[in-house]
Amino acid sequence: MKQRVLLTGGAGYIGSHTYVALIEAGYDVLILDNFSNAARDVPTRLAEITGQSAAVVEADILDRASLDRVFADNKIDAVIHFAAFKSVAESVKKPLVYMQNNVVGLVNLMQSMDQADVRRLVFSSSATVYGNAADVPTPETASLGYGNPYGHSKLVCEQIIEQTIASDPRWSVGVLRYFNPVGAHPSGIIGEDPSGIPDNLMPYVAKVAAGQLPVLSVFGDDYPTPDGTGVRDYIHVVDLAKGHVNSLSALERDGQGHVVNLGTGRGYSVFELIATYARASNRDIPYKIAPRRDGDAASSYADPSLAKTVLGFEAEFDLFDMCRTSWVWMQTAAERAE
Ligand code: NAD
Ligand code: UD1
């Protein structure tokens with residue numbers, strides 16, 4: 001019998017790529033999303049990629065009764081929980097909204113799962129839980145912290161998960177700490193679609209390459225890094241999606257949880273990313289040097305060795321693949337909008 005996996009936030013950027021990876025791996029998948037940050041036509045586009053219609057429930061994780069109904073109406077074996085708000089800048093302006101959606105949402109979900117006797121969960125965490133004081137490369141044992149309400153919400157979620165597992169060993173949970181997910185499905189049919197002006201580097205660069213924004217501000221060129229700009233561990237979203245499939249099978253196999261980094265273990269600077277995107281898109285990317293952004297670390301990249309041991313996971317795609325697929329996505333999205 002096929003295992004049935006519920007994907008909260010499955011219409012979003014990482015959720016939609018994971019949906020494709022799960023279907024390819026032979027899972028039966030149900031998407032739950034309130035479409036607060038996803039386009040309405042994502043399920044149709046997923047069907048275009050997989051050749052089968054996508055099962056979707058429109059619901060809000062803050063609505064406990066809806067969650068209970070989903071578990072009552074469907075035999076769910078495991079849940080991957082993506083649904084959350086993710087903008088650092090917005091979280092500083094609306095901390096209560098972030099705590100409610102990210103923390104209360106998780107509590108609702110875990111209570112509903114518990115009631116339905118479903119205790120296998122993969123949780124979207126972030127390298128943001130290392131705060132800024134981490135050693136690089138960063139192992140999972142590094143000290144934890146936060147620099148903004150978004151980061152705080154992820155850290156609290158991890159603590160809630162840890163305490164719940166301690167209270168009831170029937171839970172098996174995979175906590176995945178993503179580094180910097182970028183890129184798109186190679187078909188260009190799904191990708192990251194930020195509304196408004198992006199906060200993050202790759203979507204900003206993509207919009208500059210496409211002529212939708214005039215110039216990129218490079219936030220600081222005087223960091224103690226090889227070229228003075230910030231270094232990050234960018235990971236292709238298709239690799240990241242595969243990490244979720246591996247996490248689910250590790251939970252099925254071992255019945256035991258894990259907390260692992262998902263990154264490549266290699267850092268790239270802002271200048272390297274700009275140059276690679278220019279090559280992949282064959283476009284100029286005008287930029288200017290601007291002051292450092294508050295809260296930014298000079299350098300952040302994963303120690304990816306635990307993911308290899310526990311999940312058999314290794315990222316395959318390089319920065320050029322990330323930029324090239326992002327560019328294909330930008331072009332197909334523009335064609336679809338015409
Ligand atoms: P996204 O915004 O594209 O996807 C989140 C999805 O959840 C959206 O489709 C949104 O409509 C849905 N959603 C939000 N609140 C909901 C609610 N209350 N009920 C139902 N659905 C709801 O974001 P993403 O980039 O795909 O991120 C997925 C997860 O990964 C998030 O938990 C995020 O914090 C985490 N994460 C993302 C990054 C990143 O750089 N993208 C890095 C680290 C961790
Ligand atoms: C940011 C968040 C982090 C979150 C992650 C994924 C902060 C402080 N951190 O991480 O909590 O988990 O996004 O959503 O916001 N840069 C520019 N110009 C830009 C944008 C970025 O030079 O217009 C630089 C940054 O200074 C950094 C690098 O590009 O050196 C990457 O930035 P970004 O994509 O925002 O990711 P993080 O800062 O790693």
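The values are calculated or read from the model by the stated rules, or taken from the named source; none is laboratory data. All values derive from a computational prediction rather than experimental measurement. Using ideal geometry, Cβ is built from the backbone for each residue, glycine included, and neighbour counts are taken over all protein chains shown.
Data table
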| item | result |
| --- | --- |
| Meets criteria (more than 17 Å from residue 302 (Cβ to Cβ), modelled with pLDDT of 95 or more and either buried (at least 17 other Cβ atoms within 10 Å of the Cβ) or β-branched (Val, Ile, Thr) (or both)) for residue 277 | yes |
| Cross-chain or 6+ apart pairs with Cβ under 8 Å, the stretch 171-188 first and assigned to a loop (DSSP other than H, G, I, E, B) and at pLDDT below 95, then within 12 Å of ligand 1 (Cβ to nearest atom) and of a type in the set (Gly, Ala, Ser) | none |
| Hits in the stretch 49-65 - residues which are surrounded by 13 or more Cβ atoms within 10 Å (Cβ to Cβ) and more than 9 Å from ligand 1 (Cβ to nearest atom) | 49, 50, 54, 55, 56, 57, 64 |
| Residue, farthest from residue 294 (Cα to Cα), within the stretch 111-140, restricted to residues that are among the β-branched types (Val, Ile, Thr) and within 11 Å of ligand 2 (Cβ to nearest atom) | 129 |
| Complete set of residues in the stretch 19-43 that are in a helix (DSSP H, G or I) and within 9 Å of ligand 1 (Cβ to nearest atom) | 42 |
| Positions within the stretch 283-330 being under 21 Å from the mean Cα position of the chain (by Cα), outside any strand (DSSP E or B) and among the hydroxyl-bearing types (Ser, Thr, Tyr), in sequence order | 301, 305, 325, 326 |
| Every pair of residues 6+ apart whose Cβ atoms lie under 7 Å, when the first sits in the stretch 204-220 and is within 15 Å of residue 270 (Cα to Cα) while the second is within 16 Å of ligand 1 (Cβ to nearest atom) and among the basic types (Lys, Arg) | 219/293 |
| Flag for residue 333 being of a type in the set (A, V, I, L, M) and either closer than 15 Å to residue 235 by Cα or assigned to a strand (DSSP E or B) (or both) | no |
| In the stretch 147-179, residue surrounded by the fewest Cβ atoms within 10 Å (Cβ to Cβ) [restricted to those that are more than 21 Å from residue 248 (Cα to Cα) and more than 13 Å from ligand 1 (Cβ to nearest atom)] | 167 |
| Number of positions in the stretch 95-110 that are surrounded by fewer than 20 Cβ atoms within 10 Å (Cβ to Cβ) and within 15 Å of ligand 2 (Cβ to nearest atom) | 1 |
| Of all residues in the stretch 201-256 being assigned to a loop (DSSP other than H, G, I, E, B), within 15 Å of ligand 2 (Cβ to nearest atom) and under 23 Å from the mean Cα position of the chain (by Cα), the one that is farthest from residue 310 (Cα to Cα) | 230 |
| Residue 194, sole failed condition from (1) in a loop (DSSP other than H, G, I, E, B); (2) in contact (Cβ under 8 Å) with a residue 60 or more places away in the chain; (3) of a type outside the set (A, V, I, L, M) | (2) |
| Count of residues meeting criterion [more than 15 Å from the chain's Cα centre (by Cα) and farther than 15 Å from residue 238 by Cα] in the stretch 159-198 | 19 |
| The stretch 292-326, subset touching a helix residue (DSSP H, G or I) at 6+ places or on another chain (Cβ under 8 Å) and aromatic (Phe, Trp, Tyr), residue surrounded by the most Cβ atoms within 10 Å (Cβ to Cβ) | 313 |
| Any chance residue 91 is part of a strand (DSSP E or B), farther than 28 Å from residue 1 by Cβ, within 13 Å of ligand 1 (Cβ to nearest atom) and hydroxyl-bearing (Ser, Thr, Tyr) | no |
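Conditions (1) more than 11 Å from ligand 1 (Cβ to nearest atom); (2) in a strand (DSSP E or B); (3) among the hydrophobic types (A, V, I, L, M, F, W, C), marked per residue:
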| site | (1), (2), (3) |
| --- | --- |
| 80 | no, yes, yes |
| 84 | no, no, yes |
| 110 | yes, no, yes |
| 117 | yes, no, no |
| 121 | yes, yes, yes |
